[in-house]
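Report on the structure given below.
The values are calculated or read from the model by the stated rules, or taken from the named source; none is laboratory data. Small disclaimer: the values here were computed from a predicted structure and weren't measured. Cβ placement follows ideal geometry from the backbone for every residue including glycine, while neighbour counts extend to all protein chains displayed. Areas reflect the complete protein model, heavy atoms only, side chains present, ligands, DNA and RNA absent. Shrake-Rupley method; radii C 1.70, N 1.55, O 1.52, S 1.80 Å.
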Amino acid sequence: MTRRAQVVAVGTALPERRLTNADLEKMVDTNDEWIVSRTGIRERRVVEPGTPLSALAAPAAEECLRKAGVSAADIDGIICATITGDHVMPATANLVQDRIGATKAWAYDIANACNGFVAALATASAFVSSGGADRILVIGGDVMSSVVDYTDRNTCILFGDGAGAVLVEAGEGDNGIRGFKLGSDGSFGKLLSIPCSGSAMRPSDEAVAAGAHFLKQEGREVFQHAVRRMSQVATQLLEKLNLKADAIDLLVPHQANRRIIEPTARRLGLPMDKVVINIANVANTTGGTIPLALASAEADGRLTTGTRVMLVAFGGGFAWGACYLTWGRG
Ligand code: COA
């Protein structure tokens, strides 16, 4: 029997508060028609200012464990993919570990921006398939409202807050993670960055006054790279696994822009009814997009035990990745 890393359940948490396009019209020079036609986004959820990521990550983890029928005390490890954790130290995964009572679990964060969830899943998969752990919670989430400049119409329309978690568990059936492909090109780091967020720039009054603690991006260039890399990495993974696109029941892409997702699907030769798009209501939650999209596909009946799923993401770094898996236990 082959020991596999199976993805057996997903849980999510979204803030109550909705920030609609109509709300943004009152804050910056934009309009609903522009935002919907250029991005597909109608509203995003945002936390009350000061609410940390762990306030979303912990309930998402708890919902995931409840659905999996697994106790927090039986978890071996927690990995949280985020760029807006509660603090740089302690890691948000540590705070979740305490909050949910995962007393024997190690815990750490992974910072890989919009590719963070795929990167964290790859790490968990390596642990579980090699016998290094039996159950790992993989959380992806961000409080993007804490790094978004709500006077900058180029960025503030795109992002929202939210978190999701999956349980990666050892199993010996046919289902499970079949492969990954990850990539990066750090030469493009400056095109999508938060300049004042680490040792390169200290949070001086000048830095904050200049808005250097907010997310900056060259939207058009990021857009072009995203379309190319997402379709390329998914194609490369199919080739590596010796599969064709018809082996994909469901494409679950990072939700950055509907106009990035549609050409990605087209280039893979997938009809849109095989693609999960939930960006209209939640926008880009960075580390949270893929687990939130998995949960929405489960809710509409498209994700069930045995569904063959391709996850694909692209984001700051630049960093990108794809994962092919068959959902559930068994
Ligand atoms: N409302 C109205 N007009 C806006 C606007 C807004 N919110 N934001 C930008 N515009 C304007 C621009 O100023 C520009 O005006 P100009 O032609 O007079 O200069 C015009 O709309 C077109 O801007 P452009 O940047 O070419 O639009 P776009 O079609 O590329 O869409 C993004 C902009 C940001 C939505 C798009 O580039 C994108 O999604 N990029 C990827 C971003 C991303 O995913 N980042 C996260 C990491 S994965």
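Kindly indicate whether any position in the range 130-141 is modelled with pLDDT of 95 or more, assigned to a helix (DSSP H, G or I) and more than 15 Å from the ligand (Cβ to nearest atom). Walk me through it before giving the result.
Within the range 130-141, the first condition is being modelled with pLDDT of 95 or more, and the residues that meet it are 130-141.
Then keep just the ones that are assigned to a helix (DSSP H, G or I); that gives 130.
Filter once more, keeping what is more than 15 Å from the ligand (Cβ to nearest atom): 130.
So far as the range 130-141 goes, yes, one or more of its residues are modelled with pLDDT of 95 or more, assigned to a helix (DSSP H, G or I) and more than 15 Å from the ligand (Cβ to nearest atom).
Here Q255 passes the criteria (1) within 16 Å of the ligand (Cβ to nearest atom); (2) in a loop (DSSP other than H, G, I, E, B); (3) out of contact with any helix residue (DSSP H, G or I) (no Cβ under 7 Å at 6 or more places or on another chain) except the one numbered (3).
In this structure, does G219 turn out to be touching a residue at least 40 places away in the same chain (Cβ under 8 Å) and of a type outside the set (A, V, I, L, M)? Answer is yes for this residue. Cβ-Cβ contacts under 7 Å between residues 6 or more apart (or on different chains), taken from a first residue in the range 239-255 that is over 17 Å from P271 (Cα atoms) to a second residue that is more than 16 Å from the ligand (Cβ to nearest atom) and of a type outside the set (G, A, S), are listed as K240/K181; L241/R178; L241/Y324. When we screen A313, A295, A245 for residues that are surrounded by 15 or more Cβ atoms within 10 Å (Cβ to Cβ), touching a His at 6+ places or on another chain (Cβ under 7 Å) and of a type in the set (G, A, S), the only hit is A313. In the range 34-50, the residues that are open to solvent by 30 Å² or more (accessible area, probe 1.4 Å) form Cβ pairs under 6 Å with partners that are among the aliphatic types (A, V, I, L, M), at six or more places apart or across chains, as follows: R42/A280; R45/L14.
For the range 171-201, filtering for residues that are away from the ligand (no atom under 16 Å from the Cβ), within 18 Å of V118 (Cα to Cα) and touching a helix residue (DSSP H, G or I) at 6+ places or on another chain (Cβ under 7 Å) leaves 4. Number of residues in the range 273-302 that are in contact (Cβ under 8 Å) with a residue 60 or more places away in the chain and not in a helix (DSSP H, G or I) equals 4. Take L270 and tell me if it is in a loop (DSSP other than H, G, I, E, B) and open to solvent by less than 30 Å² (accessible area, probe 1.4 Å). For L270, the condition - in a loop (DSSP other than H, G, I, E, B) and open to solvent by less than 30 Å² (accessible area, probe 1.4 Å) - is met. Those helices (runs of 4 or more DSSP H) of the range 1-91 in which at least 2 residues are away from the ligand (no atom under 16 Å from the Cβ), considering only elements entirely within it, cover 54-68.
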